[in-house]
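**Q** Here's a structure for you.
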Ligand code: FES
């Protein structure tokens, strides 16, 4: 039997929002310090609301499933609402990931934060949810975030 539940397998086999868009308003990426895998997120933003999201993930099935579910969850959300989402929300939405695979979901959280950071910087926005975000911490150790 697979170590993954059906929902994870579905998002892995049929990822939502995979690929790239033309003229994104924001781009962010994150590389996992645990395994070296990478995720890039592109966003379209209108009136502070994420109207579209795409991802490219060079990583394992759990990272792809996490990106898929995360991009679904942030669409229609305001920037602050999206910043409030953590990797735990994505794991919960997937119905759980095996313990050693939790770090894969951190890629999605950090790549989304990095994209919103990019947008905030370009547009001179100060967002409460980015207060503790350090764009240079890309390769720091986040794998205790379970
Ligand atoms: Fe690298 Fe899952 S093992 S993101």
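**Q** Checking residue 103 against (1) out of contact with any strand residue (DSSP E or B) (no Cβ under 8 Å at 6 or more places or on another chain); (2) modelled with pLDDT of 95 or more; (3) farther than 17 Å from residue 7 by Cα, which test does it fail?
**A** Every condition holds for residue 103 apart from (2).
**Q** Determine whether the stretch 89-109 contains at least one residue that is within 11 Å of the ligand (Cβ to nearest atom), in contact with a helix residue (DSSP H, G or I) (Cβ under 9 Å, 6 or more places away or on another chain) and not in a helix (DSSP H, G or I).
**A** Yes, the stretch 89-109 contains at least one residue that is within 11 Å of the ligand (Cβ to nearest atom), in contact with a helix residue (DSSP H, G or I) (Cβ under 9 Å, 6 or more places away or on another chain) and not in a helix (DSSP H, G or I).
**Q** Looking only at the stretch 39-59, how many residues end up being assigned to a strand (DSSP E or B) and either at pLDDT below 95 or closer than 14 Å to residue 111 by Cα (or both)? Step through it out loud before you land on a result.
**A** Our first condition is that a residue be assigned to a strand (DSSP E or B); within the stretch 39-59, this holds for 39-46, 49-58.
If we keep only those that are either at pLDDT below 95 or closer than 14 Å to residue 111 by Cα (or both) too, we end up with 39-43, 53-58.
The total comes to 11.
**Q** State whether the residues of the stretch 41-62 include one that is closer than 18 Å to residue 130 by Cα and within 16 Å of the ligand (Cβ to nearest atom).
**A** Yes, the conditions are met somewhere in the stretch 41-62.
**Q** Can you spot a residue in the stretch 2-16 that is under 23 Å from residue 130 (Cβ atoms), in contact with a helix residue (DSSP H, G or I) (Cβ under 9 Å, 6 or more places away or on another chain) and surrounded by 16 or more Cβ atoms within 10 Å (Cβ to Cβ)? Reasoning before the result, please.
**A** Let us first name the residues in the stretch 2-16 that are under 23 Å from residue 130 (Cβ atoms), namely none.
No, the conditions are met nowhere in the stretch 2-16.
**Q** Looking only at the stretch 60-77, which residues are touching a helix residue (DSSP H, G or I) at 6+ places or on another chain (Cβ under 7 Å) and in a helix (DSSP H, G or I)? Before the answer, list the steps.
**A** Of the stretch 60-77, the ones touching a helix residue (DSSP H, G or I) at 6+ places or on another chain (Cβ under 7 Å) are 60-70, 73-74.
Within the stretch 60-77, 61, 62, 63, 64, 65, 66, 67, 68, 69, 70, 73, 74 qualify.
The values are calculated or read from the model by the stated rules, or taken from the named source; none is laboratory data. This is a predicted model, so every value here is computed, not measured. Positions of Cβ are backbone-derived with ideal geometry, glycine not excepted, and every protein chain shown enters the neighbour counts.
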